[in-house]
1. Would the range 257-300 count as rounded, prolate or oblate if I go by the C-alpha gyration tensor, calling it rounded below 1.5 in a/c and otherwise prolate when a/b exceeds b/c, oblate otherwise?
2. Mind listing P(r) for the range 336-431? All alpha-carbon pairs, 10 Å bins, whole percents.
3. Expressed in nm², what is the orientationally averaged projection area of the convex hull enclosing the Cα positions of the range 311-359?
4. Using a 1.4 Å probe on the protein heavy atoms, what percent of the accessible area of the range 259-368 belongs to carbon and sulfur?
5. Mind checking the range 189-269 for trypsin sites (Lys or Arg not before Pro) that DSSP puts in a loop (not H, G, I, E or B) and that have at most 16 other Cβ atoms within 10 Å?
6. Over all directions, what mean area does the Cα convex hull of the range 196-332 project, stated in square nanometres?
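The values are calculated or read from the model by the stated rules, or taken from the named source; none is laboratory data. This one's a predicted model, so the numbers in the text were calculated from it and none came from an experiment. Heads up, the Cβs are rebuilt from the backbone with ideal geometry, glycines too, and the neighbour counts pull from every protein chain shown. These accessible areas exclude ligands, DNA and RNA; they are computed on the full protein's heavy atoms, side chains included. Shrake-Rupley method; radii C 1.70, N 1.55, O 1.52, S 1.80 Å.
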Amino acid sequence: MSSPTEKDADNSTNEDAEHGTEPKTDTATEPPADEPPRKRSRWRAAASNTGLQVLASAILAAIFGVLVPDTAAQLKPLGDAFIGLVKLTIPPIVFLVVVTGIVSVGGMKTAGRIALKAFIYFEIITTIGTLLGLAAINIFRPGDGVAPPAGAADNIDSYVEGAKEKSISEFLIGLIPHNVVESFAKGDIIQILVFAVLFAIALIQLPKRRSDPVLRAFSTLSDVFFRIIGMVIRLAPIGVFGAVAYTVGAFGPEALTALMKYVGLALATLIVFLTLVLGTVTRIIGVSPIRLLRGLRRELVIVLGTSSSEAVMPHLIARLQEFGCKRDVVGLVVPTGYSFNLDGVAVVVPMSAVFIAQVYGVPLGFADQLTLFLVFLFVSKGTAGVTGSAFITLANLIAAVGFIPVAGLALILSIERFLSLMRAMTNVLGNAVAGIAIARWEPGGIDEEKFAATIGRRRTGSRARTRTRTPGGK
């Protein structure tokens, strides 16, 4: 028998012969005999995966915090520095995302009833998802029981102070940006939101030939800032190590238990959302959930590997057309849904914000959570369905409300890989159901024969007729 190394050498020689090139004989660049090229490339890919790095960093930090808690408690600056880099990009991202999102909605409304139906559907479903997530996190409270360290008392007091209720007049006056530059400099997200809404409305009123260059420039700037975030996220393993080590060293191992409880609660809540909310929609529109999952299995496998719902958007549009949905319907609904119908984000992000408050002992009353809910409805619009964008939405949300510790973002980042995967799967299923639903409700929006043959519910009578149609009339 030939060894694996010999087989690889024979294969590479044959490939060189097929391409008309000479086989490589440079032994200086050949991998060691005990490390085949494919296996080495897999290890390199795994080592360069930020999600795996963050997971490994969090595990090592937890062990370090348990073994040497006093030393681990001194590593807080690593987490603070990372959070500071994240906060650096929050104001411009909020402004750009809100402006481009509102302008796109304004353009769609003029397109007709398809956009209007889609927008109403998106708002209803994501609102239900958000309320479901808030209900779950408040009922089960996985962040309770983690005693804050003594050194964090001053920081917690400042957040509790920010959570005190204000009069209506004080709240309304606080919404108005007296100086836009000052709002960006201070990172006052609510004032930036107000300015973004006014800016978007004015931009919609401009002639298209004048507004389009501005919109394209803002889209490009959004890409730039998300790339900056991508560079910052590469430092996540260092920041997460410092934050988790500090948390375990100062708060105790109870923090790890709380994180595991939260991941389990988030998963259970998403399952309930898929079963009850999207399950109800599928029953209304006559879709078989089992056949739909079977039809989307390739897309879901891709999402499973990438943790990104956007990675399958073109595939999803094509798949819905195979199910009988008209292209002009899904071509409008699905891309829009990737900004306005991210069901996984709607359920999990508000849960994460309240979970952080629970861990840090910050009480959130009904008024505080109502503010959290309303602000989330704004900051979540226009969020891209890519890995990590939900974390930015969470950062924007926490910065906007001002009464939840920003340092808690590092805790969420330590489990972000798991949350991102669950959110992405939910996002894809949610947008698939949305595209089918709008197509079903639009006159001529779906090919009924294709629909019945692919994902439609099978009726008992049709099954009986199918069984009798056998060769020979048996």
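1. Values: a/c = 5.28, a/b = 1.89, b/c = 2.80.
It comes out oblate by the Cα gyration axes.
2. 17, 52, 28, 3
3. Quarter of the Cα hull surface area: 4.1 nm².
4. Taking all protein chains in place, the range 259-368 shows 67 percent carbon and sulfur surface.
5. On the way: sites: 208, 209, 210, 216, 227, 234, 261; in loops: 234.
Passing sites in the range 189-269 are 234.
6. Working: hull surface 53.6 nm².
That works out to 13.4 nm².
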